[in-house]
There are 2 protein chains.
Amino acid sequence: MPFDCPGTRTLSASGSRGRAAAAGLCGRGGWPVERQARAEILTVGTELLLGQTIDTNSAYIGEQLAAAGIEVHWKSAVGDHEGHIREALRAALARSEIVITTGGLGPTEDDLTCLAVAAELGRPLILDKTVLESIRHRFTDRAIVMSRNNERQAMIPEGATVLPNRNGTAPGFAIRLRDGRIVAAVPGVPSEMRLMLNEQVIPRLRESFGVTSTIRSHILKACGIAESTLDETISDLIRLSRNPTIGVMAYPDEIHIRLTVKSESEAEGDRLLDELETAIRARLGDYLFGRDEERLEEVVGRLLLETRATVAVAESCTGGLVCHRLTNLPGSSAYFIRGDVVYANEAKERLLDVPHKLIAEHGAVSRPVALAMAIGMRQTAGTDLALGITGIAGPGGGSATKPVGLTYIALASEGGVICREHRFLADRDTNKLLASQSALDILRRHLLSSRHA
Amino acid sequence: MPFDCPGTRTLSASGSRGRAAAAGLCGRGGWPVERQARAEILTVGTELLLGQTIDTNSAYIGEQLAAAGIEVHWKSAVGDHEGHIREALRAALARSEIVITTGGLGPTEDDLTCLAVAAELGRPLILDKTVLESIRHRFTDRAIVMSRNNERQAMIPEGATVLPNRNGTAPGFAIRLRDGRIVAAVPGVPSEMRLMLNEQVIPRLRESFGVTSTIRSHILKACGIAESTLDETISDLIRLSRNPTIGVMAYPDEIHIRLTVKSESEAEGDRLLDELETAIRARLGDYLFGRDEERLEEVVGRLLLETRATVAVAESCTGGLVCHRLTNLPGSSAYFIRGDVVYANEAKERLLDVPHKLIAEHGAVSRPVALAMAIGMRQTAGTDLALGITGIAGPGGGSATKPVGLTYIALASEGGVICREHRFLADRDTNKLLASQSALDILRRHLLSSRHA
């Protein structure tokens, strides 16, 4: 279903536009296969220029187009100003085969994209009755009176294919010029834009330009390893891999390894990705905890469900963050039994039976106290596993022997209790995050080994 | 300290550039006061086009320039491609008096901004010995051998003012053309870009273009009130206010009211902002909880410190999030004593003395249980205040009479115990957030009234 070509159907206000688009009257005939398809994104909205809104739309569009085998080589952003929109569109069409505009399709006087595109391409705006009806329905369904402004949204440039909006009133549209260049206009509201882009724009662009290759990528996520160590471990793979390519991105708490492959078929792409992933896994082993969107707490939650283990958490410096992350998952009540945020020493003693003498002798931030917290929590909560976390999140509270960032994380299980010492070097928020990550990771590694056992 | 004019000093490799810039040899003489100063941002980096990185830099630059009275009216982004950078710069200079490029100043072969700007403006690259020395020092200090690539960063277009980089090796530069237009190149690393922009670029742009007016804005933050109700309450102020203007932005958990004023002096701006803020406060009262960057947990923490009150938290559906937010603040151990995340009923009974009968009769998610959790927690923790939170975060666990999102939040104090019922309508993550926000807000309102008492 490529976009309409002008001249293939009657231009009228009879609503035929919608039907014509649905019938897909335009064939691909005559176009060479896989024509050059350089794309350009034009974002419209004064709020973007003033920095009141961060433009996430163009990044999303760029990513989706790249994955669909279409390269974005230019982005522009202008304000709600007809002259600027026209000027930017003109420049874009001089450079690129595909121009995607986002924003400026709403019902207010400030929304000028449709007007500007129509004017620049020399096409009058025509009332589309099908669109008008669908906008009316949305209002009738909600028992709201439609304003005159919303009627503006049914005015579509002559010869354009209407792109229905399932999530809002503003329809998008696409125009195919005689020489094959395509201008597509999608809304600026992210949820509306995304659906329209993926369901309607990209499939038609691929068909119109005969694009058959796809670009797929996977992210492998690692934690508990320094970026430089990880780099060294797979440096030859990074250097030698051409397809898929490997990109490494480091975050405070984890490292993402992105594998990107270009292939003619999904199966071929998957095969190449699997091969490389296997090679990387052989090097990094359990440092890799998940893939793509998967968060560490999800992996831990899944392992807890698989092994039917229950867990309780006694946390001091992380202040509830470990509990919060473990309970972000639907169904976490199946394994998460109890958490205590024990800031005061007295609470550590009373709730977790940490001996007063232990705290007096070693200090609240010490290996013996972390161990006692984990053991005490496991006993009192009656769970299979229990974490005990104590540390100095900062910025205050540090000393020469116990600096800010010093953190002990203990895990008690049927088999005994282990404890790891960390020295985090960041600010309070990040130290909390890093400690929570290490706590979830110690849990993950224990569950992995108990599953293998 | 406006940027250097070409011709005012010797162009050589002798390091005079740095001294000339420091001495500020260029006066403003001859320029009309407050010349038109339209600015344009050119972002360089292929990763931005592929959507691998979201461009936050251009939003920041736009915001800072707007606040400094300089309007950004166009943004472009191109990849690491000399031809495209040149083409974009040419188009920008045809439209705008100021062009700020960001990105592409690093030491690698992919970093082409300096090269492209020099070529487009017809200025040879010259080795700046002062820059070279400062880069050498950075490496010597860290006992690392400097690579040849880093020397590339000391090659600066002829006649440019060097903008030293306090946070990294890549210096920026600025070139003032004969007709007064200015091209400034700053790095793409946000921390380096921000410092250079605010300390070096903006003051010089204001001086060069005779900009004296400033734009200031404040954000007032509200919670516990629907957006439509807030809109109605201040609709006449929104409609009638021209300077300052009022903008309303709704988030799931709070509403931000942005007041923006343009004035010739900071004092005048502050006076106008204060006047409007007073009018808004008279309407919205305690619905307003904070200003600008202030988070609700910060306000609550400050009130707890002021009133010397201590707090403990018993939370179920929020899963640790309330404790996490309260402990995000440095020094929170002064008022935060203990938190229990009590998912299992048995934990509610044993830790908080919630009667078994109460749970059996009313269910764990009920007003009586929330009240009992708060009272039990206050007694066992020995704090001035205690929160009890129970609800259904979803997506599972709901029923016809107790739907997902139903949440009870109780606060126990010396004066007794209160409880509010909420019905949140979002997904699990947002329901947790909304419940934590309401819990912190009930605490804030109690502390406000006890402070006034």
* **Shortest-first distances to equivalent copies, position residue A:420, nm, label 7 Å out along Cβ** => 4.0
* Asked: How many nm is it between the label spots at residue B:278 and residue A:109, if each spot is 7 Å from the Cα in line with the beta carbon?
  -> 3.2 nm
* Between the alpha-carbon centers of region B:76-147 and region A:226-292, tell me the distance in whole angstrom. => 31 Å
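To one decimal place, what Kirkwood hydrodynamic radius in Å is obtained for chain A from all pairs of distinct Cα atoms?
26.0 Å
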* With chain A rotated onto chain B, spot the residue of A whose Cβ lies nearest the axis and note the distance in whole Å. => A:320, 2
* Helical contribution to [θ] at 222 nm, DSSP H n ≥ 4, -39,500 (n - 2.57), averaged over the protein assembly as shown, rounded to 500 -> -12000 deg cm²/dmol
* If you line up the Cα atoms of region B:214-291 on their principal axes, what length do they span on each, largest first, in Å? -> 36, 22, 19
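Report, as an integer, the average count of C-beta atoms from other chains found within 10 Å of each Cβ along B:310-322. Write down the numbers at each step before the final one.
Numbers: counts 1, 0, 4, 2, 0, 6, 2, 2, 4, 12, 17, 7, 3.
Mean shielding count: 5.
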* Asked: Put the label 7 Å from Cα along Cα→Cβ for residue A:379; what are its distances to the other copies, in nanometres, shortest first?
  -> 2.6
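Please order A:191, A:366 by the number of other Cβ within 10 Å, starting at the fewest.
Working: A:191 11, A:366 19.
By the 10 Å Cβ count, ascending, the order reads A:191, A:366.
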* **Cβ-based exposure ranking for B:63, A:151, B:109, in which fewest neighbours within 10 Å come first** => B:109, A:151, B:63
* For region B:260-381, the spread of Cα positions along each principal axis, largest first, Å -> 67, 30, 22
* When the convex hull of the Cα atoms of region A:407-453 is projected onto a plane and the area is averaged over all directions, what value comes out in nm²? -> 3.3 nm²
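Can you give the translational diffusion coefficient of the protein assembly as shown in µm²/s, computed by Stokes-Einstein from the Kirkwood radius over Cα pairs at 25 °C and 0.890 mPa s? Numbers along the way, then the final one.
On the way: Rh = 31.0 Å.
Once the numbers are plugged in, D ends up at 79 µm²/s.
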* Asked: Straight-line reach from residue A:402: which lysines have a Cα under 28 Å away, not including same-chain ones fewer than 8 places off?
  -> A:348, A:357, A:432
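Calculate the all-directions average of the projected area of region B:89-183's alpha-carbon convex hull, and give it in nm².
Numbers: hull surface 24.7 nm².
Computed as one quarter of the Cα hull surface, the answer is 6.2 nm².
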* Asked: Taking a label point 7 Å from Cα toward Cβ, how far is residue B:240 from its twins in the other copies, in nm, shortest first?
  -> 7.6
* Structure fact -> For region B:364-424, using Cα atoms only, the Rg and Dmax in Å read 12.3, 38
* To do: Evaluate the Debye formula for region A:296-452 with equal point scatterers sitting on the alpha carbons, no solvent, and hand back log10 of I(q)/I(0) at q = 0.12 Å⁻¹, in q order, two decimals.
  => -0.44
* Would you kindly compute the Cα radius of gyration of region B:39-81 and its largest Cα-Cα separation (Dmax), both in Å? => 11.1, 32
* Would you list, by chain and number, the aspartates and glutamates whose Cα falls below 15 Å from the Cα of residue B:75, excluding same-chain residues fewer than 8 positions away? => A:40, A:47, A:55, A:80, A:87, B:40, B:55, B:63, B:87, B:97
* **Three-way shape label, region B:38-208, alpha-carbon gyration tensor, a/c 1.5** => rounded
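With Rg and the Kirkwood Rh both taken from Cα atoms, where does Rg over Rh land for region B:320-408?
Values: Rg = 13.8 Å, Rh = 13.9 Å.
On the Cα set of region B:320-408, Rg over Rh gives 1.00.
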* Quick one: what does P(r) look like for region A:207-250 with 10 Å bins over all Cα pairs, in whole %? -> 21, 43, 20, 11, 5
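By counting other Cβ atoms within 10 Å of each Cβ, how are B:249, B:196 ranked from fewest to most? Mind showing how you got there, number by number?
On the way: B:249 14, B:196 26.
Listing B:249, B:196 from fewest to most nearby Cβ atoms yields B:249, B:196.
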* **Paired Rg and Dmax values of region B:161-234, which use every Cα atom, in angstrom** => 19.3, 57
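All of the numbers you see were taken from the coordinates with simple rules; none came from a lab. Owing to the predicted nature of the structure, the values given are computational and were not obtained by experimental measurement. Ideal geometry is used to build each Cβ from the backbone, glycine not excepted, and the neighbour counts take in all protein chains shown.
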